Amino acid sequence: MGRAFVYVILGGGVAAGYAALEFSRRGVGPGELCIISEETVAPYERPALSKGFLLPEAPARLPAFHTCVGANDERLTPDWYKEHGIELVLGTRVKSADVRRKTLITAMGETISYEVLIVATGARALKLEEFGVKGSDAVNVCYLRNLADASRLVNVMQSCNDGNAVVIGGGYIGMECAAALVTNRIKVTMVFPEAHCMARLFTPKIADFYEGQYESKGVNFIKGTVLTSFENDSEGKVTAVILKDGTRVPTDMVVVGIGIRANTALFDGQLAIEKGGIKVNGRMQTSNSSVYGVGDVAAFPVKLFGSDIRRLEHVDSARKTAKHAVAGIMAPEKTADFDYLPFFYSRVFSFSWQFYGDNVGQVIHYGDFLGGKFGAYWLDKGRIIGAFLEGGNREEYEAIAKVVKRKTTIKDVSEVERRGLDYALRSSQQVLPESSGMIVERPMCNWHAAAGVAVAISISAFAFWYGRRRRRW
């Protein structure tokens, strides 16, 4: 029993949807392409899961956030795939892969062969058990990586109104879920081992601002320690968490966001692995010429960093690597090496920030940390290699992206510190080449216009799915 395709995308996350759209636009024929996914739904925009999906009023639900609406593009519903002759093989786990024979074997024993494979297997959430803590299977312990996780989290939240929650982890998932919990009238305690939140990106000064905003909404931070065990009731429900320093924190639910690990196991020993992911070249091609890697699983050369290999865990990277891989497959002679500007963003409460580049070297802070419009530049060897801005508009975000993309040379550090955002605005007047690959966030669409009036200001940042202007993630 088996099937054969010209192109197979393994994985059904964000990257798969964007790759499918690119294939369709480049003339892939009916029956030539299939997507294999363990999830039972067509590819969707994962950022919704920690934002619009968790809203207490008018929450985002499928089919509203199927790819590729996050980039202000077509919405690829299951019917779209049928109309374009693209086969969705959903609810299917691949148990083994043989890149030499160009075959995949599913858990049900079916053989699926291909001529070209795109590995878009993404990453999985790290579990507490991997750090020696047992009990993640309790009914009120939640992770957040896929639609099933998000649905479970919503159900648990709804049973805990006016209750208490402990969030383990101070990164993206921890911060966004904590804000969602507060929005759902749940008291939150955040626990993480670092000295401040978002330690991989934020400086202490930037982190102080956001922690202060969370604290003003009742969030309690316990930093510099980790969870060691749970207390459970007779039904197995967690009633308290015990921390390494001996602190006991009573709770009605727990949300765990302690990082992710790329899903490379199927290809260990078959493809080159680096930086925890599958190593690819500038066209997203792996060490096997018929296999490409995209999204969270791909470790690719970043020109901005001197072609240093990086694995970037962000939706923007997933979208852009997917499209570039398809370009490299369908038109290799016209496809240059990927020139990507690393980009990260988040929205919590009424705040919204964007970051471009790398956060190493000398830091220059600027702006109004009391008023909520501020930022930072990172300088290395006299050049701007990273920039952060909270509360900016489109022109301002474009400006900081440009100075990073150009690695703008700094002759007078004190001038940059004094002028702050204006330095980027004035330095960005020169037009970049169209091939620059610069990514700038755009407004998104309103899927439920009536919801905007009802949602309180404290949750408006989460309601980007329902905002009155289109916003590109």
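Things worth noting here:
- Protection proxy ranking of 57-70, 32-45, by the mean of other Cβ atoms within 10 Å over each peptide's residues and highest first, is 32-45, 57-70.
- Mean separation of Cα contacts under 8 Å, 6 or more apart, over the residue count of segment 128-258: relative contact order %: 33 percent
- For the chain, averaging the sequence separation of C-alpha pairs within contact (under 8 Å, six or more residues apart) and dividing by the residue count gives a relative contact order of 14 percent.
- Cα shape, segment 192-335, gyration tensor, a/c 1.5 rule: prolate
- Pairs exceeding 29 Å between alpha-carbon atoms, taken from Lys217/Lys275; Lys244/Lys373; Lys102/Lys303; Lys95/Lys303; Lys223/Lys402; Lys102/Lys275: Lys217/Lys275; Lys244/Lys373; Lys102/Lys303; Lys95/Lys303; Lys223/Lys402.
- Listed residues Leu90, Val182, Leu144: farthest to the positive end of the dipole of the chain (Cβ charges): Leu90
- Remark on Glu274: its backbone amide H falls under 5 Å from those of Lys279, a criterion applied only to residues 5 or more positions apart or on other chains, H modelled at 1.01 Å from N.
- Antiparallel content of DSSP bridges confined to the chain, in %, to 5: 60 percent
- Integer Hz, Karplus 6.51/-1.76/1.60 couplings in order for segment 363-375, x for Gly and Pro: 9, 10, 8, 8, x, 9, 6, 8, x, x, 10, 7, x
- Candidate values (1) 150; (2) 175; (3) 130, label of the one derived for volume of the Cα convex hull per residue in Å³: (1)
- Label-to-label distance, Val6 versus Val413, with points set 7 angstrom from Cα along the beta-carbon direction: 5.6 nm.
- Long-range HN-HN contacts of Ile118 with modeled amide H, under 5 Å: Val8, Ile9, Leu10, Tyr292
- About the centre of its Cα atoms, segment 1-109 shows a dipole size close to 420 debye [charges on the beta carbon of Lys, Arg (+1) and Asp, Glu (-1) only; nearest 20 debye].
- Listed peptides 174-187, 102-115 appear in the order 174-187, 102-115 once ranked by packing, highest mean of other Cβ atoms within 10 Å at the front.
- About the Cα centre, charge dipole magnitude for segment 343-436 (Lys/Arg +1, Asp/Glu -1 at Cβ), debye: 200 debye
- With a cut-off of 12 Å between beta carbons, the residues surrounding Lys334 carry a summed charge of +1, where Lys and Arg count +1 and Asp and Glu -1.
- The equivalent ellipsoid that matches the C-alpha gyration tensor of segment 1-67 spans semi-axes of 28, 13, 8 angstrom, in descending order.
- When the Cα positions of Ala322, Cys34, Ser113 are compared along the charge dipole of the chain, Ala322 comes out farthest toward the positive end, with charges on each C-beta of Lys, Arg, Asp and Glu.
- Taking amide H as placed 1.01 Å from N in the peptide plane, Gly224 has its amide H under 5 Å from the amide H of Phe192, Glu194, each at least 5 places away in sequence or on another chain.
- The stretch between Ser287 and Arg394 holds 34.6 nm of extra length on full extension. This uses 0.36 nm per residue minus the Cα-Cα distance.
- Label-to-label distance for Leu90 and Arg26 is 2.6 nm, based on points extended 7 Å past Cα in the beta-carbon direction.
- About its Cα centre, the chain has a charge dipole of approximately 720 debye under the convention of +1 per Lys or Arg Cβ and -1 per Asp or Glu Cβ, with nothing else charged.
- Counting every other Cβ atom within 10 Å of each residue's Cβ, Ile242, Ile278 order from fewest to most as Ile242, Ile278.
- Nearest-0.05 FRET efficiency for Val360 and Asp73, computed from C-beta distance (R0 51 Å): 0.95
- Charge dipole of the chain about the Cα centre (unit charges at C-beta), most positive-ward option of Ala298, Leu341, Gly382: Gly382
- Order by protection proxy (mean Cβ within 10 Å, highest first), peptides 290-297, 327-334, 47-54, 20-27: 290-297, 47-54, 20-27, 327-334
- Whether segment 128-258 is rounded, prolate or oblate, judged on the alpha carbon gyration tensor where a/c under 1.5 counts as rounded: prolate
- Average projected area [Cα convex hull, segment 270-323], square nanometres: 3.4 nm²
Laboratory data are not the source of any read-out in this text; all were calculated from the coordinates shown. Small disclaimer: the values here were computed from a predicted structure and weren't measured. Neighbour counts are summed over all protein chains in view; Cβ atoms, including those assigned to glycine, are modelled from backbone coordinates with ideal geometry.
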